[in-house]
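Just so you know, all these numbers are worked out from the coordinates, no wet-lab data involved. Source: prediction; values computed, not measured. Here Cβ is always computed from backbone atoms with ideal geometry, including for glycine, and neighbour counts include all displayed protein chains.
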Amino acid sequence: MRLFDGQRAWVVQRISALLLLVLIVFGVLALPFAPPLDFAGWRAFAGGVLGGPLIALLFGALCAHAWVGMRDIVLDYIQPRGLRLAVLSLIAVVLLGVLVRVLLSLATVALTA
Amino acid sequence: MKLNIYRYDPETGDPPRMQAYDVQPEAGDKKLLDLLMRLRVQDDSLSFRRSCREGVCGSDAMNINGRNGLACLTALDGLKEPIVLRPLPGFPVIRDLIVDMTQFFAHYHSIQPWLMNDEPLPERERLQSPTERERLNGLYECILCACCSAFCPSYWWNPDKFIGPAGLLQAYRFIADSRDTATAERLDFLDDVYRLYRCRTIMNCTEVCPKGLSPSHAIERIRLALLRRSS
């Protein structure tokens, strides 16, 4: 994706919003039927065949959505090119960091389950 | 009726100020423009644009009690006093209620607001079916008064790069026209993070349009046309 692409970023924002909506609603509705949410319960869910990919999808959608949203805010409010690039880089590093951390944790849980 | 009007004359070097007026409407004065014309007799230094006085030319657009509108279409009945008049927000002020529309019309020009058709000229006019003609309803009526663009926060932040609701409505007017064959070229131009995608569907434009048009709907149609083209 080009950094300042028009249409693709718009599509990513909408698809990720839909995914977030479905996953969050699904999660909230499933909560009453879930086993007690202690550490072992969460670990078993994250290491499961369904839980791992769902958590990865949730954080993937969250980071993609946050990137487009934050990028839009930066494009509107930060005009100096240098500062804009620095803030955009910082946002990208933080979001990528979150995503990588989640994926690594999921992989660790899956491998040690 | 009491008015509070934004006054600014760059030639004096004084900062802008609000000036209070009290003027009595006479029989037959129905619209805000009537009152402003009466006020001009009291104070001929007050500057504002006006021409057709019936909502066709779009020259008397201003901010009326915090909301953009045309003075000639705004009824005096029901206007809260003092009536606060300011120039269109976000536009450079030339003097009093007169703003510089240069950039606004540069955006309008950038969307190439004319029919482009490379097919051979017909003997008479290019015909349209009633359905094709109907697609232009809600688009061709725009009078370019700039009430919408001057009420759009996205346009306030990026007036040099975002085309704005008025320009985008006009762009869709030509995309939707069955006689125009440059749709691909027009969409290529609009597919840009600034020109089109600064719109956040805030919908101030639709809310404030004195002609009852919906620029936000036209913008959505452009996005859908781009989506259809790339899918």
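In table form, for the structure just shown:
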item: The range A:21-113, relative contact order in percent, only Cα pairs under 8 angstrom and at least six apart counted; result: 40 percent
item: Computed lengthening from B:Gln24 to B:Lys211, 0.36 nm per intervening residue step minus Cα-Cα distance; result: 64.5 nm
item: Calculated from backbone phi, Karplus (6.51, -1.76, 1.60) coupling profile of the range B:148-160 in Hz, x at Gly/Pro; result: 6, 4, 7, 10, 9, x, 5, 6, 5, 6, 10, x, 7
item: Tensor-based shape of the range B:69-151 (alpha-carbon gyration tensor, a/c under 1.5 rounded, otherwise prolate or oblate); result: oblate
item: Karplus-derived 3J(HN,Hα), 6.51/-1.76/1.60, for each residue of the range B:219-227, Hz, glycine and proline x; result: 5, 4, 5, 5, 4, 5, 4, 5, 5
item: Net lengthening on full extension, B:Ser45/B:Tyr194 (0.36 nm per residue, minus Cα-Cα); result: 49.7 nm
item: Highest-MSF residue in chain B out of B:Ala61, B:Ala166, B:Ala182 [GNM, Cα springs under 10 Å]; result: B:Ala182
item: Relative packing of peptides B:108-116, B:94-102 - highest average C-beta neighbours within 10 Å first; result: B:94-102, B:108-116
item: Prolate/oblate/rounded call for the range A:1-93, Cα gyration tensor, a/c under 1.5 rounded; result: prolate
item: Unpartnered cysteines - no second Cys beta carbon under 4.7 Å - across the protein assembly as shown; result: A:Cys63, B:Cys72, B:Cys142, B:Cys145, B:Cys147, B:Cys152, B:Cys199, B:Cys209
item: Inter-chain Cβ neighbour average for residues B:161-167, partner chain, 10 Å; result: 0
item: Cα-based shape type of the protein assembly as shown, given that a ≥ b ≥ c are square roots of the gyration tensor eigenvalues and the cut on a/c is 1.5; result: prolate
item: Proximal lysines to B:Lys80, defined as alpha-carbon separation beneath 20 angstrom and excluding residues fewer than eight positions away on the same chain; result: B:Lys2, B:Lys30, B:Lys31
item: Debye log10 I(q)/I(0) for the range B:101-222, one point scatterer per Cα, at q = 0.09 Å⁻¹; result: -0.24
item: Student exercise, the range B:66-153 dipole from Lys, Arg, Asp, Glu Cβ charges, in Debye to nearest 20; result: 340 debye
item: Average partner coverage of B:108-114, which counts Cβ from other chains inside 10 Å; result: 0
item: Förster radius 41 Å - calculated FRET efficiency between A:Leu103 and B:Arg229, Cβ distance, rounded to 0.05; result: 0.75
item: Zone of B:Val56's modelled label, taken as backbone nitrogen in the range B:200-231 under 17 Å from a point 7 Å along Cα→Cβ; result: B:211
item: Helical contribution to [θ] at 222 nm, DSSP H n ≥ 4, -39,500 (n - 2.57), averaged over the protein assembly as shown, rounded to 500; result: -15000 deg cm²/dmol
item: Residue-averaged beta-carbon neighbours from other chains (10 angstrom radius) around B:195-207; result: 2
item: Whole-number D in µm² s⁻¹ for the range B:115-163, Kirkwood Cα-pair radius fed into Stokes-Einstein, 4 °C, 1.567 mPa s; result: 90 µm²/s
